[in-house]
Amino acid sequence: MSRAASSPVIEPEVMAVLTMRAQSLILPFCLVIRTWIVILSHAGKSNDEIAAALNLHRNTVGKWRRRIIADGLKGLDDVQRSGRPRTYEHDKVRKTS
């Protein structure tokens with residue numbers, strides 16, 4: 001049994017945008033999954049329930065839930081990593097595929 005996790009508070013206008021993002025066929029898959037985590041956690045689902053629904057590990061769900069609560073919707077974006085900068089951005093990759 002999992003412990004109760006805090007749920008992010010989301011305004012109705014933002015929820016409408018998130019719902020459209022969750023159904024997007026254009027956005028990268030990782031952003032769509034993160035959007036679903038936000039939507040399901042706002043609905044009061046536990047990390048275990050979300051992980052089972054999205055076929056993820058519960059630690060992954062917990063990581064994104066914490067980032068969203070701490071940073072808001074900006075927490076959905078990837079953080080800069082150390083190492084060599086990216087050669088291609090998402091837009092360039094999308095155009096070639």
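The values are calculated or read from the model by the stated rules, or taken from the named source; none is laboratory data. Remember, predicted model here, so these are calculated numbers, not experimental data. Positions of Cβ are backbone-derived with ideal geometry, glycine not excepted, and every protein chain shown enters the neighbour counts.
Of the residues making up segment 10-45, those that are surrounded by fewer than 16 Cβ atoms within 10 Å (Cβ to Cβ) and of a type in the set (Ser, Thr, Tyr) are Thr19, Ser24. Put simply, of Leu27, Leu31, Leu73 the only residue that is over 10 Å from the mean Cα position of the chain (by Cα) and either in a helix (DSSP H, G or I) or aliphatic (A, V, I, L, M) (or both) is Leu27. If the condition is being of a type outside the set (D, E, K, R) and either surrounded by fewer than 11 Cβ atoms within 10 Å (Cβ to Cβ) or in contact with a strand residue (DSSP E or B) (Cβ under 7 Å, 6 or more places away or on another chain) (or both), then segment 72-86 contributes Val79, Gln80, Ser82, Gly83, Pro85. One residue stands out among those in segment 76-97 that are in a helix (DSSP H, G or I) and over 16 Å from Cys30 (Cβ atoms): the one that is modelled with the lowest pLDDT, which is Thr96. Considering the conditions (1) modelled with pLDDT under 75; (2) surrounded by fewer than 12 Cβ atoms within 10 Å (Cβ to Cβ); (3) of a type in the set (Ser, Thr, Tyr), Ser7 is excluded by exactly one of them, (2).
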